[in-house]
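The values are calculated or read from the model by the stated rules, or taken from the named source; none is laboratory data. What you see is a predicted model, and the numbers here were worked out from it, not measured in a lab. Here Cβ is always computed from backbone atoms with ideal geometry, including for glycine, and neighbour counts include all displayed protein chains.
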Amino acid sequence: MESWQVSKSIFTTEYAVLRDLLRELRTEKGFTQVQLSETLGMPQSFVSKYETGERRLDVIELREVCQSLGTTLAAFAKKLEARLSESKKGGAA
């Protein structure tokens, strides 16, 4: 079976923006990785790995992270879209 390149999507500029935004939200909330992981009921390495791009989040996991950070998936998606639009404008200049 031929391998799909889905795993490489964690290395795209767009995924880096997603990771950066998640990290920013966590720090704005005043959470360490350990505190967030405890809220999620996951090991600290779970947070570390998605923040560094070693691991992908599926949409359900992303929703849970957003809720733990005091936001909704919809609000996060809106911020992400705005950030992605900004990065595209910056890249085109």
*Got a number for residues in the stretch 67-80 being without any contact (Cβ under 8 Å) to a residue 12 or more places away in the chain and within 16 Å of residue 19 (Cβ to Cβ)?*
1
*Since residue 4 meets every condition but one in (1) among the hydrophobic types (A, V, I, L, M, F, W, C); (2) at pLDDT 95 or above; (3) assigned to a loop (DSSP other than H, G, I, E, B), which condition does it not meet?*
(2)
*Looking at the stretch 51-76, which of its residues are assigned to a helix (DSSP H, G or I), of a type in the set (Gly, Ala, Ser) and either surrounded by 15 or more Cβ atoms within 10 Å (Cβ to Cβ) or within 10 Å of the chain's Cα centre (by Cα) (or both)?*
68
*Considering (1) among the hydroxyl-bearing types (Ser, Thr, Tyr); (2) surrounded by 11 or more Cβ atoms within 10 Å (Cβ to Cβ); (3) closer than 18 Å to residue 16 by Cα, say which one residue 85 fails and leave the rest.*
(2)
*Kindly provide the set of residues from the stretch 30-50 that are assigned to a loop (DSSP other than H, G, I, E, B) and within 12 Å of residue 69 (Cα to Cα), ordered by number.*
30, 31, 32
